[in-house]
Amino acid sequence: MPDPAIFPWFVVITHALTVFFMLMLARSGIEVLASFPKMYWNDGCPPGREWARFSTKMYGADSRRPWVSLDEEEAWNPVIAMPGRKNLGLGRHWHFMTVHFWIATGIVYIAMVFTSGRWHFLIPTEWSVVPDAIEAVGTYLQFELPAKLPGEPYNAVQKLTYFAVVFLLAPLQIITGAAMSPSVLARFPWYGKLFGGKQGARSIHFIGLCAFAGFVVIHTAMVIIHGLPLGFAKIVLGHETADRSLAVAIGTIALAAIVLIHVLLTVFARLRPRTAQHLLGVVVAPFEGVLSRLFTSRQRYTRADISEYHRVNGYPPVDPEYERMAADDFADYRLPVGGRVANPVSLSLAELRELGWATQICNHNCIQGWNSIAEWGGVPLERLVDLVSPDPDVTHVVFYAMDDKGLTEGEGRYGYFYEAVPIFLARHTQSLLALEMNGAPLPIEHGAPVRVRFETQLGYKMVKWIKAVEFVDDVSTIGLGQGGYREDQLYYANAAGI
Ligand SMILES: Nc1nc2c(c(=O)[nH]1)N[C@H]1C(S)=C(S)[C@@H](COP(=O)(O)O)O[C@H]1N2
Ligand SMILES: [Mo]
């Protein structure tokens, strides 16, 4: 058994890093929550059936006024959200970058806990710890301090709590986090079902955040009750008998530094969003890219799984040419497919159908957090790729849309919607040019006459109202050069697998 009076250096360092990372995970997680501040237990997220709603805006499935899911986003203050005020793209970047370091810190900590023998202090090996913990709570309620377990640094309720936080709560956050990734859900549909679907995972993940917050509040209060200088001596200088005023000074400076770094990073992300998107992308993009490349969709939902309501994102095109085509059931619509290909084509809807037909019942994951299951019918994208025969140097397929965001959205946005995806995605199973939804021609709001489906990706890659398809070897000259409209204007990541 290690000396209970000593807090080894690895505890001191990983504890400090964890304070910084957890604060970042919480703030960036709150940013993500702001973009869809509603909690559901059921996939499909039927409007009005949320179990929690952190928003005064109400939208009904049968609302007379058209609305899209981006209208549900809230602008929360940068003090609580990282980086705050409708910055979902960057919030996710911070969250996913931090989670790498948080997990790495956790792995080092746990490895050291086991090799140092300190696991004896954390992992209960006798059931008696439970009644002892209840008794300790009773002692606290009498405003007295319970005795430590013999030969150990903590009392029974402390030991149980630390055990639960390290070995239950932290892993729960990791496994429910993974259960929200569209690539993971598409490749292993059973995994999402473990949590009652994506919304179950999202709800548990949120409750996990609340549990962490509750732990931090009580833990801090307990440190104060037990004596702040003593607590600082242990967690800053590593020993009960260390110089307490020195420990308090260093600990206070460390806490102030953590707050200051948060402030600076927030200001940086708000003033230089493009730089933040690129720098964070260095860590996040390779990881997302590997997931997107390796995981292909194996979804086989049944008709009974189809959601009763499917949210819309993006207002339909408003130009007269689109409205004229729609009035005519898109009889003279043609889809030009070109760029760096041997055989450019321009296809009518009938000609598209002749290339081949597939249907699939799949789960749609919007980056904001909602999901919906629907049946899509259309042409496997691979057939189109084979038909046009792209040059060997092609890296991306670009889908251009007919909605001009300056007209449909305003809010300072401009230009036609478009998204580029890596060419390998076009050949994945269940990559589809969809002409039908739930057995009927695509409704206007879901992308008529043609939209694309990449079932391992987030919704923003699945361009609706497609005007043209282009095979390219470089996306930097298209739009603002970030690989898609939402990457250009909302700083979303370029890979959309998580
Ligand atoms: N042309 C176009 N396609 C688009 C969008 C858009 O705004 N314009 N929004 C994207 C986003 S963010 C999502 S989540 C899905 C929503 O698809 P749905 O409206 O069929 O649910 O469409 C994607 N395709
Ligand atoms: Mo979305």
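Details
- Verdict on Gly314 being crowded, with 18+ Cβ neighbours inside 10 Å, within 12 Å of ligand 1 (Cβ to nearest atom) and on the phi > 0 side of the Ramachandran plot: yes
- The single condition among (1) within 16 Å of ligand 2 (Cβ to nearest atom); (2) under 15 Å from Val397 (Cβ atoms); (3) in contact (Cβ under 8 Å) with a residue 60 or more places away in the chain that Phe454 does not satisfy is (3).
- Residues of the range 41-78 satisfying the condition of being of a type in the set (Asp, Glu) and within 15 Å of ligand 2 (Cβ to nearest atom): Asp71, Glu72, Glu73
- Arg303 vs. criteria under 23 Å from Met437 (Cα atoms) and surrounded by 14 or more Cβ atoms within 10 Å (Cβ to Cβ): no
- Ile423, sole failed condition from (1) within 15 Å of ligand 2 (Cβ to nearest atom); (2) over 20 Å from Asn365 (Cα atoms): (1)
- Taken over the range 335-385, the criterion of being touching an Asp or Glu at 6+ places or on another chain (Cβ under 6 Å) and free of Cβ contacts under 8 Å to residues at least 40 places away in the same chain is satisfied by no residue.
- Look at the range 393-410: where a residue is free of Cβ contacts under 8 Å to residues at least 24 places away in the same chain and a partner is more than 15 Å from ligand 2 (Cβ to nearest atom), sitting 6+ places away or on another chain with Cβ atoms under 8 Å, you get Gly406/Tyr414; Gly406/Gly415.
- The residues of the range 107-127 that are in a loop (DSSP other than H, G, I, E, B) and free of Cβ contacts under 8 Å to residues at least 12 places away in the same chain, listed by number, are Thr125, Glu126, Trp127.
- Pairs with Cβ under 9 Å, 6+ apart, first in the range 312-333 and in contact (Cβ under 8 Å) with a residue 24 or more places away in the chain and within 26 Å of Trp370 (Cβ to Cβ), second more than 12 Å from ligand 1 (Cβ to nearest atom) and of a type in the set (Asp, Glu): Pro317/Glu323
- Odd one out for Thr98, checked against (1) among the polar types (S, T, N, Q); (2) crowded, with 19+ Cβ neighbours inside 10 Å; (3) closer than 24 Å to Ala5 by Cβ: (3)
- Pairs where the first residue, in the range 27-50, is free of Cβ contacts under 8 Å to residues at least 24 places away in the same chain and the second is among the hydroxyl-bearing types (Ser, Thr, Tyr), C-beta under 6 Å, 6+ apart: Glu50/Tyr40
The numbers here are math on the coordinates, done by the rules we state, and not lab data. All of these numbers come straight from a predicted model, not from anything done at the bench. Glycine also receives a Cβ, built like all others from the backbone with ideal geometry; neighbour counts cover every protein chain displayed.
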